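Step one of this worksheet: look at the structure below.
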Amino acid sequence: MKGILTNWQAKLLSRGESGVAGMGIAMAMILIVCFAANAWLTDRANQNTTEDLQQAQLTATGPLLADAAQRLIAANDLPALRRLTTAAAAQLKLEICSISIGGGHVIADLAPGRVNTTTLPEQWSASPADDDGSAHFAFTVPGHGAGFVRLAAAPLAGSQGNARFAVSASICAFALAVLVLVYRRGRQGLAELDVVRSSLAATQRGETAIAALQVDDRLGPTAAAWNKLLEELESLRQRARMATAATGGRRSAGNNLESACDAMSNGIVLVDDKMRVRFANGAACTFLKIERSGMAGMPAADLIADPQYREAIEGIAAGKLRRPVTTELEQHSESGNGLLRVCVRPVRRGDADSAMILIDDITQQRTAERARNQFINQVTHELRTPLTNIRLYAETAIEDGEGNAEVRANCLNVINQESRRLERIVSEMLSVAEIEAGSTSIRQDEVYADVMIKELQHDYEAQAKDKQITLEFNVSPKLPKLTADKDKLAIALHNLIGNALKYTPKGGKVVVKVDVRDGQLAVDVTDNGIGIAPAEQEKIFDRFFRSGDPRVGQIVGTGLGLTLAREVMRLHGGDVTVESEINRGSTFTATLPVAMAA
């Protein structure tokens, strides 16, 4: 028998199918059995339901027939009783429908041959009917005796159940045929998977030779991909062997930990119980400006010349210090000054005292803190000036403007200018916040360049007059209508003109020239003020930058105006550039492509 099965498998199955063929056949047999069992159970359930319905029908019909038989027997109308019996049997599909009286006298029956009494006696006994498995319903005829109605349903035909079973069997056969067809179509893929599985099992058993793990490429793309993967694995193994040979296998778990420490941006120095350096990562050597080769074995007290640091090291060495000590250390070098935070903390290791020194570069952090504090102070001054002017001129308008229209008009004009100035300062701060968050965007408004320039001229004429500065506007007669963010564009130009007036001394001159050059709308703001040093001409566009010129330090400013102006113009596709000489003045040029015109 085993030989027959082996020959059958060899004929039916291709290489590699033996691993899954048994599973497939078992699943097919289970599927057929499930279909057959489902058909049988369904047919059985339907038959039981039908029988229950028939029994319920007999239970409901029996008393009605008994009542009708009582009345007809009492009226001695046997022909009508026999017709009723025949009709009821035909309608209800009964196998037995018989009416009898005591003593076994059948007076009406579905089969006329079973009727043995054609004439009713005067009286009859009340003996019960024979129990033959049919349903019996008794009745009593007054003055005569008892009677019985016997009913039995016709047996169910088995043809319907057989038909359902035949349909289910046909479906099972069709499903099995489809399963075999699909299996035969996919046998090539199964063969590939089986040989690859066998190769994987060999690797699990410890086989590492690539030649023993490779399979026949002709089996299909999966087998070819497996062989390619094995070749790449062998190539990686060769590279690893070459790398190990080149490094001499010197790396160990400890070296890996040292490499991880070297990758950190914080400096780490580990000191042993004798207060000598046991380990220092690359960042610590860079911060302390000590060669790594000279760090090992170096006394920890010689690393940093700071009294608080030395005290902490000595306390740890004496076993008296059990808490971290933090100190800050300034460093000076040709590239610039820096600030280091040094934290010395004891490390308990058995009974010996040792220490860990953590070093952080906090130069940028302190620079940012100083810039933020400076910005807050400058913004406070910037906001306080227009608020103070608004309050003073509002009080003047209330006290003196009641009877003097000129004074009141002048006060209202100053209040209007200072409120606009205050609005621009707040807008600048909000715009800078957008720049820092990376969410700056521009709207698409219709901007009439000539109207915007006239508004700028009106805003700054009074300020120039107060500082006794000559303010000129040379505007081309034909300026294009732009599609741009009007508010941000106005802020940018306000900053350029406001800076020119701010840094031009009394009696100076500021000229604003607006025209179209080389396909661009150009706004030149030229002053004869204090000028900008060449080394600072690009730095002035950095946020919070303030020139080192002592004359600039006496003028209140946020260091944001030029940053915001350049950012706005670049968002519109233009730019802001500067040309300046110390003590001779500056020219700021804002350009905007005419292609932005509507």
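The values are calculated or read from the model by the stated rules, or taken from the named source; none is laboratory data. Computed from a predicted structure; not experimentally measured. We place every Cβ from the backbone using ideal geometry, glycine too, and count neighbours over all the protein chains shown.
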Exclusive hit being at pLDDT below 75 and under 30 Å from Ala317 (Cβ atoms), set Gly248, Gly254: Gly254
Selection within region 95-116 - under 21 Å from Gly145 (Cβ atoms) and part of a loop (DSSP other than H, G, I, E, B): Gly102, Gly103, Gly104, Val115, Asn116
Hits in region 524-558 (condition: hydrophobic (A, V, I, L, M, F, W, C) and at pLDDT 70 or above): Val525, Ile530, Ile532, Ala533, Ala535, Ile540, Phe541, Phe544, Phe545, Val552
Among residues of region 307-329, those that are under 50 Å from the mean Cα position of the chain (by Cα) and not basic (Lys, Arg), counted: 12
Residues (farther than 14 Å from Pro221 by Cα and either at pLDDT 75 or above or among the hydroxyl-bearing types (Ser, Thr, Tyr) (or both)) located in region 179-200: Tyr183, Arg197, Ser198, Ser199, Leu200
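Between Ala26, Ala45, Ala36, which is among the hydrophobic types (A, V, I, L, M, F, W, C), in contact (Cβ under 8 Å) with a residue 60 or more places away in the chain and either over 30 Å from Thr140 (Cα atoms) or in contact with a helix residue (DSSP H, G or I) (Cβ under 8 Å, 6 or more places away or on another chain) (or both)?
Going through Ala26, Ala45, Ala36 in turn, just one is among the hydrophobic types (A, V, I, L, M, F, W, C), in contact (Cβ under 8 Å) with a residue 60 or more places away in the chain and either over 30 Å from Thr140 (Cα atoms) or in contact with a helix residue (DSSP H, G or I) (Cβ under 8 Å, 6 or more places away or on another chain) (or both): Ala36.
State yes or no: is Ala305 under 16 Å from Cys343 (Cβ atoms) and of a type outside the set (Lys, Arg)?
Numbers: under 16 Å from Cys343 (Cβ atoms): no; of a type outside the set (Lys, Arg): yes.
The answer is no for Ala305.
Yes or no: Asp131 exposed (fewer than 14 other Cβ atoms within 10 Å of the Cβ) and at pLDDT 70 or above? Spell out the reasoning first.
Working: exposed (fewer than 14 other Cβ atoms within 10 Å of the Cβ): yes; at pLDDT 70 or above: no.
So Asp131 fails the test.
Can you go through Asp459, Asp450, Asp518, Asp487 and tell me which one is surrounded by fewer than 13 Cβ atoms within 10 Å (Cβ to Cβ) and either in contact with a Ser or Thr (Cβ under 7 Å, 6 or more places away or on another chain) or not basic (Lys, Arg) (or both)? So that I can check it myself, show each step before the final result.
Details: Asp459 fails: surrounded by fewer than 13 Cβ atoms within 10 Å (Cβ to Cβ); Asp450 fails: surrounded by fewer than 13 Cβ atoms within 10 Å (Cβ to Cβ); Asp487 fails: surrounded by fewer than 13 Cβ atoms within 10 Å (Cβ to Cβ).
The conditions single out Asp518.
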Counted residues, region 87-112 - those being within 16 Å of Leu64 (Cβ to Cβ) and touching a strand residue (DSSP E or B) at 6+ places or on another chain (Cβ under 8 Å): 8
